[in-house]
Every structure is written in C-alpha cells, then in structure tokens.
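Comments concern the structure below.
The values are calculated or read from the model by the stated rules, or taken from the named source; none is laboratory data. Since this is a predicted model, take the numbers as computed values, not measurements. Cβ placement follows ideal geometry from the backbone for every residue including glycine, while neighbour counts extend to all protein chains displayed. Accessible surface areas use protein heavy atoms only, side chains included; no ligands, DNA or RNA. Shrake-Rupley method; radii C 1.70, N 1.55, O 1.52, S 1.80 Å.
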Amino acid sequence: QVQLVESGGGLVQPGGSLRVSCAASRNILSFYFMGWYRQAPGKQRDLVAHIFRNSSTNYADSVKGRFTISRDNANNTVDLQMNSLKPDDTAVYYCHAVGNVLGTVATYWGQGTQVTVSS
C-alpha cells in the first residue's frame, strides 16, 4: 500500500519562509510525477507545483518565483520550499503522486499539513 506523509507545516509571518516535505513509502522515481496541492477552507483543491521523472517542473502562477519544488531520491521525499509567504498562501498542503498499480494509473494523496501565514 502506497503512503504519502507530509510534514513541516506550521505558523509563519507574512514574508517568511517554510519548507514542507512529503515522504513516500516507495521509490519516488516509480511515480510518473509528484507534487503539491493546497486547499483553503471553503475553496477547491488547487495545484501548487509538480515535478516529473525527468525533473521538469511546473508551478501555479500565484507561486512562481516564490516556491520551489525539489526531490531527494535517496530518501524518497519531495519538498516544497516556500518563500515570501502571503496570507493567501494559508491552506492545507497535500502531497500528490500518480503511478502505476497492476497496469492501471493510480492517484495517491497524503493526509495534508497545515500552513498558516499570519501576523
């Protein structure tokens, strides 16, 4: 059973930085891609960033230049470095992965970690 576990969330002041991590229970290179979504109360879950097997990345326009997604293959983790944080960044951040299970595409989600940006 594949598990994704997020960590690193917390409270930070506007303009500050925070790093959230996602630990996977299997080799992250076995996934087609991994990434981060976020969901604020009463709003839909939106893409934040993705990283693919070839290390190509994409970001939501709202976080470009401020957030950086990276991976550590040896530790099976994907990290999201968040700088210049704004109150609008407040949300539950979810790790996401897409892979192959018994010849079919499967989607996995972590339990989420809370990020709160407030003065």
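Expressed as a whole number of Å, what is the distance separating the alpha-carbon centroids of segment 45-119 and segment 1-42?
Here the two parts' Cα centres lie 5 Å apart.
Ignoring any ligand, DNA or RNA, what whole percent of the accessible area of the chain comes from carbon and sulfur when the probe is 1.4 angstrom?
Solvent-exposed carbon and sulfur of the chain make up 48 percent of the total.
Give, as ranges by residue number, the residues of segment 1-34 whose backbone N falls under 15 Å from the point 7 Å along Cα→Cβ of VAL105.
So the set is 31-34.
I'd like the accessible area for ASP72: 1.4 Å probe, protein heavy atoms, all chains in place, Å² to the nearest 10.
60 Å²
Report the residue, chosen from THR57, THR104, THR77, that carries the largest GNM mean-square fluctuation when the chain is represented by alpha-carbon nodes joined by springs under 10 Å.
In the Gaussian network model the winner is THR104.
Say we join alpha carbon atoms closer than 10 Å with springs in a Gaussian network model of the chain; which of LEU80, LEU102, LEU29 then has the biggest fluctuation?
LEU102
Just want to confirm a number: the relative contact order over the chain, from Cα pairs under 8 angstrom separated by 6+ residues, in percent.
The normalised contact order for the chain reaches 37 percent.
Which residue fluctuates the most in the chain, going by a Gaussian network model with Cα springs under 10 Å, if the choices are ARG26, ARG71, ARG38?
Among ARG26, ARG71, ARG38, the largest GNM mean-square fluctuation belongs to ARG26.
Hey, what's the per residue convex hull volume over the C-alpha atoms of the chain, in cubic angstrom? Don't skip to the answer; put the middle values down first.
Numbers: hull volume 11.7 nm³, N = 119.
Enclosed volume per residue, from the Cα hull, is 98 Å³.
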